[in-house]
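Colleague: Have a look at this one.
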Amino acid sequence: MANRRLTSILKFSLLSSMLAFTGSAFADPVKAAFVYIGPTGDHGWTYAHDQGANMVQDQLGDGVVITRIESVAENSDSERVITSLARKNDIIFTTSFGYMNPTVKVAARYPDVKFEHATGYMRPTDNISTYSARFYEGRHVIGKIAGRMTNSNIIGYIASFPIPEVIRGINAAFLAAKSVNPDIQIKIIWVYTWFDPGKEADAARALIAQGADIIMQHTDSTAPMTVAEDEGVLAFGQASDMTAWGPNAHLTSIIDEWGPYYVARVKAVADGTWTSTDTFDGVEEGMVEFAPFTNMPDEVMWEAQDTILDLDVGAVHPFTGPINRQDGSPWLAEGETPPMFPDIITMDFYVEGIDSKYPN
Amino acid sequence: MNEGLIIAIIIGISIASVPLIFAAIGELLVERSGVLNLGVEGMMIVGALAGFVVEFHTGSSFLAVLAALLAGMAIASIFAFLTQILLTNHVATGLALTLFGLGISAFVGRGYSEENIELISAIHIPLLSDFPIVGPLLFSYNPLVYLAFFMVFLVWWFLFKTKQGLILRAIGDNHDAAHAIGHNVIRYRVLAILFGGAMAGIGGAFLSLVQVPIWGEDMTAGRGWIAIGLVVFSSWQPFKVILGALIFGGITILQLHAQGFDVRISAQYLSMLPYLATIVILVSLRMRDKNKTNRTMPNCLGRIFHSTS
């Protein structure tokens with residue numbers, strides 16, 4: 001909230017003025033800032049970014065001063081927050097897709113500051129980098145597990161907003177599940193929020209009532225996992241290890257591992273080697289990882305491990321033809337994989353076999 | 001659709017409605033006394049945290065609910081002190097209370113988002129709960145669900161069947177007149193505000209203990225504001241709060257289920273429906289009441305009472 005934001009800005013300015021007095025004998029530490037969409041305690045998306053920021057602090061120690069601002073809404077608020085950070089920082093990580101326009105705007109006004117925008121694709125000035133992870137590789141793995149583990153052949157999917165990132169996840173999970181279980185169906189509920197535990201729980205209950213016995217989520221709270229535990233079905237966690245919320249429900253969680261990237265980027269600023277780049281790392285580079293595999297037979301776990309190994313060496317691609325679009329028109333021919341741009345980056349259609357109507 | 005699904009939908013609607021019923025019935029009594037407390041969201045979130053923390057440390061659902069009730073009252077007492085003793089503006093103080101509640105709960109609750117607890121279990125009455133259809137629909141809820149409906153009845157009974165209720169309504173309609181004939185305006189209002197805080201606190205705890213057993217910053221997600229809207233929707237009539245909450249919870253749950261059945265209606269539109277419904281209902285109430293003189297809105301709502309003697 002606004003008052004917390006103010007406090008952290010105040011704290012930060014106090015800190016930096018103290019450093020100005022005492023730090024003259026040393027090289028100036030890099031000043032890095034992180035802007036978060038949710039609370040760091042969501043145990044999902046924001047938590048994972050915050051763990052990354054912690055890794056930067058641990059590895060660079062006195063070499064870095066970190067400012068973190070939580071729960072910044074994706075509206076004009078974010079532009080104000082990013083602007084105020086740009087006045088006092090060397091590098092700013094804006095960690096949500098919706099910060100794209102404000103990041104681009106502020107970057108144009110502060111050419112000496114480096115900007116890193118997560119999950120975006122716009123780099124109009126050479127002080128912006130974009131980075132994301134191939135989370136659809138993670139969805140590919142959990143899709144296979146889901147296809148094996150379901151009895152009702154219905155996967156319930158709690159989706160946040162219809163942006164390419166989320167659409168890729170749905171398509172990848174569905175295709176992987178279908179590859180091991182041709183009868184699979186996927187039911188999708190859009191909740192239009194990243195973090196509303198009550199609504200996420202309601203959506204999970206609705207999906208379970210409609211026959212889903214596996215819950216996948218692309219929202220940030222642990223609520224769907226707790227509902228799965230309560231209702232006796234299985235579920236996958238999101239962004240961080242959610243085993244604790246569903247000891248009998250948890251299959252695995254896709255873990256976002258941002259730390260090494262953040263360390264490298266902050267170091268690059270310190271060394272003066274930072275350049276504008278576009279990063280889209282996956283299992284192979286270690287940006288997408290998995291929580292322990294639980295509540296599944298060994299064969300299913302081995303299959304999942306094999307899939308991860310294949311992804312690790314680049315032997316499989318979650319989108320390998322033949323794949324048609326939902327309306328039956330061809331997308332990928334036999335054996336074909338899609339180009340990163342535009343097909344994957346801007347994905348805006350369901351693949352054939354998904355019954356739900358594509359959200360407009 | 002099979003009957004199991006219909007039962008699940010009805011139970012889902014009840015669960016989504018209960019936090020709204022608690023918060024709204026508390027606010028209704030507050031507004032009936034002539035006080036407008038916009039701090040419902042803040043009181044709910046503090047209740048949600050207090051309930052979760054006490055459940056986590058003691059494992060006692062009873063103590064957890066009690067703690068939520070007391071926490072709601074505690075934060076409401078700040079509002080009572082400011083508006084009734086220091087005579088500050090109700091709207092500004094209420095907004096401040098919401099911001100304060102969200103902030104302090106986020107601060108105090110830091111470590112607790114890592115923890116999880118057991119859901120408060122629903123009741124099970126032998127024979128009755130096992131009865132087909134009627135059993136799950138009527139006799140298998142969490143005790144707090146029954147309490148919510150009972151509180152609505154209690155508030156109605158208090159307002160319209162007791163002398164104190166009559167005095168409270170009189171104070172809400174004309175505090176100067178009530179004061180002139182010797183009623184203690186401030187005492188009534190302070191007690192009403194504390195009651196409102198208690199109800200909002202329990203409503204919040206229902207979220208973190210029954211709907212989903214986790215603590216998350218901002219987890220009330222605007223439900224306090226919806227509760228305030230429901231009081232207007234109910235035109236300050238207790239039983240209409242239930243109706244409004246069920247409509248609201250119903251649309252929320254049905255739109256989720258509709259998506260699961262892939263009803264061909266855009267999801268954004270469905271998400272908008274609860275809010276559209278509120279606006280439509282507000283407008284239609286206004287149209288209906290336009291020419292009536294006996295509106296139910298308390299005349300002194302939000303007005304500051306200066307004791308002249």
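Colleague: Any idea which of A:Ser356, A:Ser253 is modelled with pLDDT of 95 or more and either in a helix (DSSP H, G or I) or buried (at least 16 other Cβ atoms within 10 Å of the Cβ) (or both)?
Modeller: Of A:Ser356, A:Ser253, the one residue that is modelled with pLDDT of 95 or more and either in a helix (DSSP H, G or I) or buried (at least 16 other Cβ atoms within 10 Å of the Cβ) (or both) is A:Ser253.
Colleague: Additional query: Among the residues of the range A:133-161, which ones are modelled with pLDDT of 95 or more and more than 20 Å from A:Asp241 (Cα to Cα)?
Modeller: Of everything in the range A:133-161, those that are modelled with pLDDT of 95 or more and more than 20 Å from A:Asp241 (Cα to Cα) turn out to be A:Gly147, A:Arg148, A:Thr150, A:Asn151, A:Ser152, A:Asn153, A:Ile154, A:Ile155.
Colleague: For A:Ala264, state whether it is out of contact with any Lys or Arg (no Cβ under 8 Å at 6 or more places or on another chain) and buried (at least 16 other Cβ atoms within 10 Å of the Cβ).
Modeller: no
Colleague: Look through the range A:210-233, keep the residues that are crowded, with 24+ Cβ neighbours inside 10 Å and over 21 Å from the mean Cα position of the chain (by Cα), and return whichever of them is nearest to A:Asp42 (Cα to Cα).
Modeller: A:Val227
Colleague: Moving on to the next point. Can you tell me which condition A:Thr277 does not meet? The list is (1) more than 28 Å from A:Ser240 (Cα to Cα); (2) surrounded by 12 or more Cβ atoms within 10 Å (Cβ to Cβ); (3) hydroxyl-bearing (Ser, Thr, Tyr), and all the others hold.
Modeller: For A:Thr277, the exception is condition (1).
Colleague: A further question follows. Determine, yes or no, whether A:Val288 is touching a residue at least 12 places away in the same chain (Cβ under 8 Å), crowded, with 18+ Cβ neighbours inside 10 Å and β-branched (Val, Ile, Thr).
Modeller: It is true that A:Val288 is touching a residue at least 12 places away in the same chain (Cβ under 8 Å), crowded, with 18+ Cβ neighbours inside 10 Å and β-branched (Val, Ile, Thr).
Colleague: Select from the range A:83-111 the residues that are under 16 Å from A:Arg265 (Cβ atoms) and of a type outside the set (A, V, I, L, M, F, W, C) and list them in ascending order.
Modeller: A:Asn89, A:Asp90, A:Thr94, A:Thr95, A:Thr103
To keep it simple, each residue is scored yes or no on (1) among the aromatic types (Phe, Trp, Tyr); (2) crowded, with 24+ Cβ neighbours inside 10 Å; (3) in contact (Cβ under 8 Å) with a residue 40 or more places away in the chain; (4) under 22 Å from B:Ser234 (Cβ atoms).
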position	(1), (2), (3), (4)
B:Ile6	no, no, no, no
B:Ile9	no, no, yes, no
B:Ser14	no, no, yes, yes
B:Ile21	no, yes, yes, yes
B:Ile25	no, yes, yes, yes
B:Leu29	no, yes, yes, yes
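Colleague: Right, something else. Report yes if some residue within the range B:124-137 is outside any helix (DSSP H, G or I), under 29 Å from A:Pro247 (Cα atoms) and touching a Pro at 6+ places or on another chain (Cβ under 8 Å); otherwise report no.
Modeller: So far as the range B:124-137 goes, yes, one or more of its residues are outside any helix (DSSP H, G or I), under 29 Å from A:Pro247 (Cα atoms) and touching a Pro at 6+ places or on another chain (Cβ under 8 Å).
Colleague: Name every residue in the range A:317-340 that is under 20 Å from A:Val288 (Cβ atoms) and touching a residue at least 40 places away in the same chain (Cβ under 8 Å), in order of residue number.
Modeller: If the condition is that a residue be under 20 Å from A:Val288 (Cβ atoms) and touching a residue at least 40 places away in the same chain (Cβ under 8 Å), then A:Pro318, A:Phe319, A:Met340 are the ones that fit.
Colleague: Taking the conditions exactly as written (among the aliphatic types (A, V, I, L, M), assigned to a loop (DSSP other than H, G, I, E, B), over 24 Å from B:Ala74 (Cα atoms) and within 14 Å of chain A (Cβ to nearest Cβ)), does B:Leu119 satisfy them or not?
Modeller: Answer is yes for this residue.
Colleague: Go through (1) more than 14 Å from chain A (Cβ to nearest Cβ); (2) modelled with pLDDT under 85 and name the single condition B:Val263 misses.
Modeller: Going through the list (1) more than 14 Å from chain A (Cβ to nearest Cβ); (2) modelled with pLDDT under 85, B:Val263 breaks only (1).
Condition check ((1) out of contact with any Phe, Trp or Tyr (no Cβ under 6 Å at 6 or more places or on another chain); (2) modelled with pLDDT of 95 or more) across all residues:
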{"position": "B:Ser121", "(1), (2)": "yes, no"}
{"position": "B:Pro126", "(1), (2)": "yes, no"}
{"position": "B:Ser140", "(1), (2)": "yes, no"}
{"position": "B:Ala148", "(1), (2)": "no, yes"}
{"position": "B:Tyr188", "(1), (2)": "yes, yes"}
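Colleague: Just to confirm my filter: which helices (runs of 4 or more DSSP H) fall fully inside the range B:172-268 and include at least 1 residues that are over 30 Å from A:Gly44 (Cβ atoms) and basic (Lys, Arg)? Talk me through it step by step, then tell me what you get.
Modeller: Details: elements: B:175-180, B:185-206, B:223-233, B:238-260.
In the range B:172-268, B:185-206, B:238-260 are the helices (runs of 4 or more DSSP H) which contain 1 or more residues that are over 30 Å from A:Gly44 (Cβ atoms) and basic (Lys, Arg).
Colleague: Where in the range A:155-250 are there helices (runs of 4 or more DSSP H), lying wholly inside it, with at least 1 residues that are among the polar types (S, T, N, Q) and either more than 10 Å from chain B (Cβ to nearest Cβ) or over 26 Å from B:Val210 (Cα atoms) (or both)?
Modeller: Answer list for the range A:155-250: A:164-180.
Colleague: Looking only at the range A:107-118, how many residues end up being in contact (Cβ under 8 Å) with a residue 40 or more places away in the chain and either of a type in the set (Gly, Ala, Ser) or surrounded by fewer than 21 Cβ atoms within 10 Å (Cβ to Cβ) (or both)?
Modeller: 1
One line per residue, one yes/no per condition, for (1) without any contact (Cβ under 8 Å) to a residue 12 or more places away in the chain; (2) over 16 Å from B:Ala24 (Cα atoms):
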residue: B:Asn184; (1), (2): yes, yes
residue: B:Tyr188; (1), (2): no, yes
residue: B:Leu194; (1), (2): no, no
residue: B:Gly197; (1), (2): no, no
residue: B:Ile202; (1), (2): no, no
residue: B:Ala205; (1), (2): no, no
residue: B:Pro213; (1), (2): no, yes
residue: B:Gln237; (1), (2): no, no
residue: B:Gln259; (1), (2): yes, yes
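Colleague: For the subset of the range A:31-66 comprising residues that are in a helix (DSSP H, G or I) and of a type in the set (A, V, I, L, M), which member is farthest from the chain's Cα centre (by Cα)?
Modeller: So the first thing to find is which residues in the range A:31-66 are in a helix (DSSP H, G or I), and the list is A:40-42, A:45-63.
Within this subset, residues satisfying the condition of being of a type in the set (A, V, I, L, M) are A:48, A:53, A:55-56, A:60.
Numbers: A:Ala48: 8, A:Ala53: 15, A:Met55: 17, A:Val56: 18, A:Leu60: 24 Å.
Taking the candidates together, the pick is A:Leu60.
Colleague: If B:Ala96 passes every condition in (1) surrounded by 20 or more Cβ atoms within 10 Å (Cβ to Cβ); (2) within 14 Å of chain A (Cβ to nearest Cβ); (3) not charged (D, E, K, R) but one, which one does it miss?
Modeller: B:Ala96 satisfies every listed condition except (1).
Colleague: Check A:Gly38, A:Gly63, A:Gly98, A:Gly44 and return the single one that is in contact with a Pro (Cβ under 8 Å, 6 or more places away or on another chain) and touching a residue at least 60 places away in the same chain (Cβ under 8 Å).
Modeller: So the residue among A:Gly38, A:Gly63, A:Gly98, A:Gly44 that is in contact with a Pro (Cβ under 8 Å, 6 or more places away or on another chain) and touching a residue at least 60 places away in the same chain (Cβ under 8 Å) is A:Gly63.
Colleague: A further question follows. Out of the residues in the range B:275-296 that are part of a loop (DSSP other than H, G, I, E, B) and of a type in the set (Ser, Thr, Tyr), state the one that is modelled with the lowest pLDDT.
Modeller: Filtering the range B:275-296 down to residues part of a loop (DSSP other than H, G, I, E, B) leaves B:290-296.
Now drop any that are not of a type in the set (Ser, Thr, Tyr), which leaves B:293, B:296.
Working: B:Thr293: 50, B:Thr296: 72.
Ranking the candidates gives B:Thr293 first.
Colleague: For the range A:154-166, which positions are touching a Phe, Trp or Tyr at 6+ places or on another chain (Cβ under 8 Å) and either buried (at least 22 other Cβ atoms within 10 Å of the Cβ) or hydroxyl-bearing (Ser, Thr, Tyr) (or both)?
Modeller: A:Ile155, A:Ala159, A:Ser160
The values are calculated or read from the model by the stated rules, or taken from the named source; none is laboratory data. This one's a predicted model, so the numbers in the text were calculated from it and none came from an experiment. Every residue, glycine as well, gets a Cβ built from its backbone with ideal geometry; the counts of neighbours run over all protein chains shown.
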